[in-house]
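I have placed the structure first, in the form of structure tokens, so that the comments after it can refer back to it.
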Amino acid sequence: MFPFAARLAAMSTPHAAAVKTEGLRRTFGDFTAVDGIDLDVRPGEIYGFLGPNGAGKSTVVRMLTTLLEPTGGSAWVGGLDVVAQADDVRFSIGVALQEAGLDENMTGREILATQGRLFGLNRAEIADRIEQLAPILEMRALDQLVSSYSGGMARRLDLAAALMHNPSVLFLDEPTTGLDPPSRLRVWEEVRRLNREFGLTLFLTTQYLEEADELADRVGIINAGRIVAEGTPGELKRAIGTDVVTVVVDGDADAAKAVLEGIAGIEGVDVFGDEVRVGTENGSRALSPVAIALGSAGIKVRELSLRTPTLDDVFLDVTGTHLDAGSSAEGSST
Amino acid sequence: MTAAGTTARTEIRPRRTGFVHDTVSIARRAIRQLPRDIAFIGPTLFIPLFFLVINVASLSEAAAFVDLGITYEEFQLPVAIVFAVTGVTRAGAMVLDIQNGYFDRLMTTPVSRRALLLGHMVADFVLVIALSVPVMILGFFMGARFDTGPLGVLVFILIGALWGLGYTGIPYAIALKTGNPGAVNSSFIIFFPFAFLTTAYLPAENLSGWLSTVSTYNPVTYVLGGLRSLFIGWDAAELGKALLATLALAAFTQTLSLLALRGRTSPK
């Protein structure tokens with residue numbers, strides 16, 4: 001059994017959060033991959049960790065899942081220290097890393113059985129658990145070699161393997177990267193179901209804005225090893241404004257900003273290259289005054305659009321850059 | 001949370017296991033994979049059979065002028081066994097585990113880290129025993145006979161298998177240190193000096209110069225001596241030297257592999 005003493009210790013520590021970090025830091029030589037991150041993920045929450053490639057998301061996950069030791073700060077999962085109580089932490093976490101950790105020379109059932117055995121499950125429990133996980137799995141393919149699986153099937157098997165021992169916290173590192181849209185939607189549905197039906201705490205990293213927006217109760221935006229914004233997707237987007245008018249200009253964008261800041265009802269104007277982003281409570285009402293003001297000032301407008309804010313706007317607001325093109329494309333549909 | 005969810009969370013509870021349980025679990029998985037890896041097993045079996053046939057066919061007449069005390073077929077059978085068992089390892093499969101992320105999956109479980117290595121080695125032991133069987137059958141077919149009887153045959157196979165197991169420390173150390181399949185494959189080159197700078201073709205007293213000196217320090221010389229002694233009778237001294245040479249090599253190579261394992265599994 002998962003040691004009672006460890007559970008008791010976990011309950012009695014001040015770190016009762018499902019995942020908690022204080023000043024978590026990881027360096028590789030001179031390179032700082034994670035630079036003092038504070039997290040407080042509540043039990044039963046889906047926490048989305050959003051950031052571009054190389055932001056430090058996977059390094060954080062590797063530290064929280066005991067694969068990598070922090071070089072600074074502290075981290076607890078389920079109240080257990082990931083360094084001092086690493087072995088106990090492994091009993092309470094399920095992990096599906098960025099690369100589906102599957103041996104193509106095994107069948108799906110063999111992978112699940114091996115995983116179960118390593119967590120001390122007996123044959124009957126393994127069989128029961130596979131039945132319980134049937135909604136995730138492609139049961140018809142369970143006795144086929146993984147090499148015959150599609151990307152989506154392999155990812156779901158990876159997810160099932162992570163759940164074999166019934167963990168309380170599930171770490172998913174970019175669970176839908178490389179999947180086609182239908183497979184992505186199916187993984188999303190499973191993530192929601194796991195959280196809803198099993199009360200699992202999910203720590204989900206993603207570079208897809210839409211994924212964080214759709215799945216996460218709260219989102220932490222990470223860039224260059226630091227959390228630059230955190231909150232519910234709604235909170236983060238509301239901080240930008242109810243609506244966003246985006247203007248792409250030919251010429252001096254700063255001059256455009258100066259012009260637009262004087263318009264009534266405009267909450268904020270930011271310039272990113274040749275793009276001027278205008279936050280406002282009522283976008284449709286602001287659209288005409290924006291166009292007229294720019295035209296009167298002799299500023300040529302190449303594009304003018306109105307939309308609701310996305311997490312990309314939040315990212316742009318706090319970092320000054322967009323997430324990469326692929327993720328932006330995904331996210332702009334919201 | 002639904003009733004189904006509650007049931008699921010209360011029914012399944014992970015438990016602590018032990019080193020032996022973990023080793024058996026890893027070994028089961030590795031052994032199950034063996035028959036699926038024909039591309040690996042085919043050439044591994046071909047090499048000793050090929051050398052046994054070719055060496056006997058090409059050298060038996062020339063060796064007639066040397067007093068071997070046994071037939072040349074019997075003289076060559078231990079060489080074929082050493083070829084069959086040396087460097088035969090699942091280290092390549094372990095590298096694939098590292099590359100495809102399965103090793104990381106195992107590392108997020110509470111599995112004993114040493115069991116990750118030993119479990120693969122148990123599979124290696126099974127494999128080298130299995131590979132020894134067709135080589136022995138060919139040897140018998142060519143006329144090799146053991147005066148020590150079936151027990152001698154069993155000891156012959158076990159000494160060969162122990163040697164093979166001892167040697168596996170080298171490819172595992174390379175696999176764990178580099179995570180590179182090319183490096184593991186090229187580790188077979190290390191075996192050449194062991195295999196040829198020894199009494200593979202002639203007895204020690206017929207070797208001269210530097211080759212004689214090198215063969216004196218080559219543990220394979222003593223393994224071959226011990227194996228060959230079993231054709232004639234029970235010779236405790238020869239068998240003791242064979243076991244000692246095997247254990248000395250194993251102590252060295254397994255230390256290397258354990259150090260590499262510690263480096264690979266350390267979260268630092």
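The values are calculated or read from the model by the stated rules, or taken from the named source; none is laboratory data. The shown structure was predicted, so the numbers you read here are calculated from the model rather than taken from an experiment. Glycine gets a Cβ as well: all are built from the backbone with ideal geometry, and neighbour counts include every protein chain shown.
Points worth noting:
- Pair list, Cβ < 7 Å and 6+ apart or interchain, from the stretch B:218-232 residues that are at negative phi and assigned to a helix (DSSP H, G or I) to residues that are surrounded by 24 or more Cβ atoms within 10 Å (Cβ to Cβ) and among the acidic types (D, E): none
- Residue within the stretch A:97-120 that is within 13 Å of chain B (Cβ to nearest Cβ), outside any loop (DSSP other than H, G, I, E, B), out of contact with any helix residue (DSSP H, G or I) (no Cβ under 9 Å at 6 or more places or on another chain) and in contact (Cβ under 8 Å) with a residue 40 or more places away in the chain present: no
- Tabulated pairs, the stretch A:271-285, first closer than 12 Å to A:D254 by Cβ, second of a type in the set (D, E), C-beta under 8 angstrom, 6+ apart or interchain: A:V271/A:D254; A:D274/A:D250; A:V276/A:D270
- If only residues of the stretch A:157-195 that are assigned to a helix (DSSP H, G or I) and touching a Phe, Trp or Tyr at 6+ places or on another chain (Cβ under 9 Å) are counted, the one that is farthest from the other protein chains (Cβ to nearest Cβ) is A:R184.
- Filtering B:D124, B:D104 for residues that are of a type in the set (D, E) and touching a residue at least 24 places away in the same chain (Cβ under 8 Å) leaves a single hit, B:D124.
- A count restricted to the stretch A:121-137 and to residues that are under 20 Å from B:V20 (Cα atoms), without any contact (Cβ under 8 Å) to a residue 40 or more places away in the chain and either outside the structural domain of A:D87 (by TED's automatic domain parsing) or not in a helix (DSSP H, G or I) (or both) stands at 1.
- Residue count, the stretch A:92-136 (criterion: β-branched (V, I, T), under 14 Å from B:E11 (Cα atoms) and crowded, with 23+ Cβ neighbours inside 10 Å): 0
- Test: residue in the stretch A:231-244 that is assigned to a strand (DSSP E or B), surrounded by fewer than 17 Cβ atoms within 10 Å (Cβ to Cβ) and not aromatic (F, W, Y): yes
- Any hit, the stretch B:239-255, residues being of a type outside the set (D, E, K, R) and not in a helix (DSSP H, G or I): no
- Residue satisfying condition, being closer than 21 Å to A:Y47 by Cβ, of a type in the set (A, V, I, L, M) and either free of Cβ contacts under 8 Å to residues at least 60 places away in the same chain or crowded, with 22+ Cβ neighbours inside 10 Å (or both), within set A:L163, A:L157: A:L163
- Residue check for B:T108: out of contact with any Leu (no Cβ under 8 Å at 6 or more places or on another chain), modelled with pLDDT of 90 or more and closer than 30 Å to A:A86 by Cβ: no
- Filter result (closer than 22 Å to A:L112 by Cβ, more than 7 Å from every other protein chain (Cβ to nearest Cβ), in contact (Cβ under 8 Å) with a residue 60 or more places away in the chain and not in a strand (DSSP E or B)) within the stretch A:84-96: A:S92
- Filter pass, A:T205 being in the same structural domain as A:E45 (by TED's automatic domain parsing), closer than 24 Å to A:N53 by Cβ and hydroxyl-bearing (S, T, Y): yes
- The stretch B:166-177 residues that are buried (at least 24 other Cβ atoms within 10 Å of the Cβ), paired with ones that are charged (D, E, K, R) (beta carbon under 8 Å, 6 or more apart): B:T168/B:D124; B:L176/B:R264
- Positions within the stretch B:210-251 being β-branched (V, I, T) and farther than 15 Å from B:V82 by Cβ, in sequence order: B:T213, B:V214, B:T216, B:I232
- Note on the stretch A:63-74: among residues that are outside any loop (DSSP other than H, G, I, E, B) and crowded, with 24+ Cβ neighbours inside 10 Å, the one that is farthest from the other protein chains (Cβ to nearest Cβ) is A:L64.
- Of the residues making up the stretch B:36-59, those that are over 17 Å from the mean Cα position of the chain (by Cα) and of a type outside the set (D, E, K, R) are B:I38, B:A39, B:F50, B:F51, B:L52, B:V53, B:I54, B:N55, B:V56, B:A57, B:S58, B:L59.
- Check on A:G54, at pLDDT below 95, within 13 Å of chain B (Cβ to nearest Cβ), more than 18 Å from A:E230 (Cβ to Cβ) and outside any strand (DSSP E or B): no
- One residue stands out in the stretch B:88-117 among those that are buried (at least 24 other Cβ atoms within 10 Å of the Cβ) and within 18 Å of B:P43 (Cβ to Cβ): the one that is farthest from the other protein chains (Cβ to nearest Cβ), namely B:V88.
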